[in-house]
Amino acid sequence: MATTRIIDDDRLTAVGLLVEVHRGLTQKFAARLGRHGLSENELEILLRLGRTPNCQLRMSDLAAQTSLTTSGVTRVVDRLERAGLVVRASCDTDRRGTWAVLTDTGLERVTAAVADHIEDVDRWYTGLLTPEQLEALTEALRIVRDTVRPEAVAGVAEAARARPHVDA
């Protein structure tokens with residue numbers, strides 16, 4: 001009679017594959033992002049800003065949405081601000097809050113990077129799946145993400161309503 005060992009549990013295989021896929025994709029994407037002068041963290045912040053209403057998020061919401069700490073987001077936004085890709089703006093509804101706002105230059109830069117990045121995404125990820133597989137995977141990942149990281153969409157509704165004050 002065969003015994004099943006807990007270390008052979010299919011759930012461990014599922015989570016292990018997810019981790020391996022993330023690491024592999026990160027490695028595959030890094031080279032081309034580097035040619036655009038962007039790190040993975042910088043691309044993530046630029047994409048989150050660009051895909052949010054009014055191209056803006058509070059700094060605290062950016063930290064909540066990413067895997068970065070508040071100080072990590074501050075460092076990345078500092079670099080993006082020095083490069084003219086992002087500006088900071090004061091938050092009218094929260095005196096302690098600061099918006100990170102994507103500039104037109106930032107939108108152009110992330111758009112150019114994404115044009116290449118999407119080729120890599122298709123080559124190494126989405127293009128390997130049928131449309132049905134991709135739809136099912138996306139739905140499954142969203143269910144898990146919404147459970148383990150509900151803050152991943154923090155501040156989106158507020159960003160749509162807000163009009164930041166950019167200090168020139």
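A short reminder: the numbers here are calculations on the coordinates, not readings from a lab. Keep in mind that what you see is a predicted model, and the values were worked out from it rather than measured. Methodologically, a virtual Cβ is constructed for each residue, glycine included, from the backbone with ideal geometry; neighbour enumeration extends over all protein chains shown.
Points to keep in mind about this one:
- Distribution of pairwise C-alpha distances over segment 24-73, 10 Å bins, in %: 25, 47, 27, 1
- Cβ-Cβ FRET estimate between residue 21 and residue 107, R0 fixed at 41 Å, reported to 0.05: 0.90
- Annotation for segment 2-55 versus segment 83-156: alpha-carbon center distance of 13 Å.
- Length-normalised contact order of the chain in % [C-alpha pairs under 8 Å, at least 6 apart]: 28
- Pairwise alpha-carbon distances in segment 42-106 exceed 16 Å for 35% of all pairs.
- Correct choice for Rg and Dmax of the Cα atoms in Å that was computed from the model, options (1) 15.4, 44; (2) 15.7, 53; (3) 18.7, 75: (3)
- Protection-proxy order for peptides 38-48, 147-157, each taking the mean of Cβ atoms within 10 Å per residue, highest first: 38-48, 147-157
- Computed from label points 7 Å out along Cα-Cβ, the spacing between residue 138 and residue 152 is 1.3 nm.
- Annotation: peptides 111-121, 4-14, ranked by per-residue average of other Cβ atoms within 10 Å with the highest first, follow the order 111-121, 4-14.
- Length available on full extension from residue 11 to residue 82: 0.36 nm per residue minus the Cα-Cα distance, which gives 21.1 nm.
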